[in-house]
Amino acid sequence: MIHDIYQAGPPFTTEYGISYALDTGIAVVGTAYPADLFSGVFCGDHSAPVYSFDVATGEQLVEFFPVDVEEDDLFGAAVAIQGEFVIVGSARDNDNGFASGSVYVFDSKTGLQVHKLLSTDGAPSDGFGYDVDIDDGLIVVGAKNAKNTMGDRVGAVYIFDAITGEQINKIQPDDGAPQGDFGFSVSLHGGVLGVGAPNDEVGTEAEGSVYLYEMNNMSLMYKLIPPSEDGADWFGSDVDIDAGVVAIGAPFADHPTDTDFTGRPCNAGAVYIYDIDTGDQIAKLLPSDLECGDYIGESVAVADGIVAAGASGEDSSGTDAGAIYLFPAHLPGPCQLADVNQDGVLSPDDFSAWVAAFNTTSPRCDQNADGRCTPADFSAWVGNYNAGCN
């Protein structure tokens, strides 16, 4: 751990740290959020400032707080930062009707408000600002409760110019359906937009889905869905894009080898990795100590080849104390996997290194890329070793 980061001033009766974002050594931390992430029921009765911090020192830098914020606006429910801009969602602001939502744009260095964003067709209960992101001068805003002719809570995503504050476009899925929650999560990187719709019905259950759009022409690239056998797992409750991959959280995914007291597979969660260019699933990430009620995938982030996944129900440090798991975003080939001691050569020394990794449940133990360290990885190591290096 580098630093604990605490808010200055009086304590707020909000969930400090429930939203956060990082950019070039600066952390932005939000506060107010729904009591129940999955139902989207808000119960916060205050709005508190958003703060930025120096990651290296832990020093608080800037406070972000608009002059027109009101109680229960949920200011800080979602945050994003890039360069000169800090973006803050206020999903229950009332400018376009009760709980229509808004988004504030601040100068990252001074804390001065630059824009207040409202959708041009905003309506009561839209939840505009439920999630936000920024990349390359574009701001994307999720409004998971937005309506259209297909019904309520179809959801929508709005795109704005960060410099001018003008709305550029609005996206709704062609196959959207009521209660789908399109816009529950958003991620924008490298000209690709990912939008989570965790309540989207795929087949007969609300398994969830993620839509990938090419920003140059706003065309749909892929609609990603989880393996059908996983059931209602809230696939798409969080999404993040970086370096050619998209990480998708599915915190209600069943874990077949772990069961509840009835003997049925339980909601332990999972994280899926997909290739941006092909839309193919690369991996399903599961930690070796996954248990019922861990909800891994509740939050996900990917950067510099590493996937971070939050599991709010993980119990190692106490009941529901939570944990963060780290996985490789790009799975290595057989040669790299078999070279457990990472000396660049495949040799019998790698077998000894694998045994040591197995005994300590090190990530290098995992030879079949299932996110676990089990005896099955020995057979996988033999196969990887025999495959050699080309």
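Each residue in L193, L74 was given a count of other beta-carbon atoms within 10 angstrom of its own, and listing them fewest first yields L193, L74.
I'd like the FRET efficiency for T149 and T374, computed as 1/(1 + (r/R0)^6) with the beta carbon distance as r and R0 of 56 Å, rounded to 0.05. Can you show the working numbers first?
Values: r = 51 Å, r/R0 = 0.90.
Calculated transfer efficiency: 0.65.
Among the trypsin sites (Lys or Arg not before Pro) in the stretch 100-199, those located in a DSSP loop and surrounded by at most 15 other Cβ atoms within 10 Å of their own Cβ are K109.
Close amide H partners of I168, meaning residues 5 or more places away or on another chain with modelled amide H under 5 Å apart, are I159, F160, D161. Here K284 is the anchor, and the aspartates and glutamates within straight C-alpha reach of less than 14 Å, apart from those fewer than 8 places off in the same chain, are E229, D230, D233, D254, D275, D366, D370.
Straight Cα distances below 24 angstrom link K170 to the lysines K116, K144, K147, K223, with same-chain residues fewer than 8 positions distant left out.
Working note: Karplus 6.51/-1.76/1.60 with θ = phi - 60° gives the stretch 81-90 the couplings 9, 7, x, 7, 10, 10, 10, 10, x, 9 Hz, where Gly and Pro are set to x. Volume per residue of the convex hull around the Cα atoms, evaluated for the stretch 20-331, comes out as 134 Å³.
Each reported figure results from applying straightforward, stated rules to the coordinates on display, with no laboratory input. Computed from a predicted structure; not experimentally measured. A quick note on method: Cβ atoms are made from the backbone with ideal geometry, for glycine too, and the neighbour counts reach across all protein chains shown.
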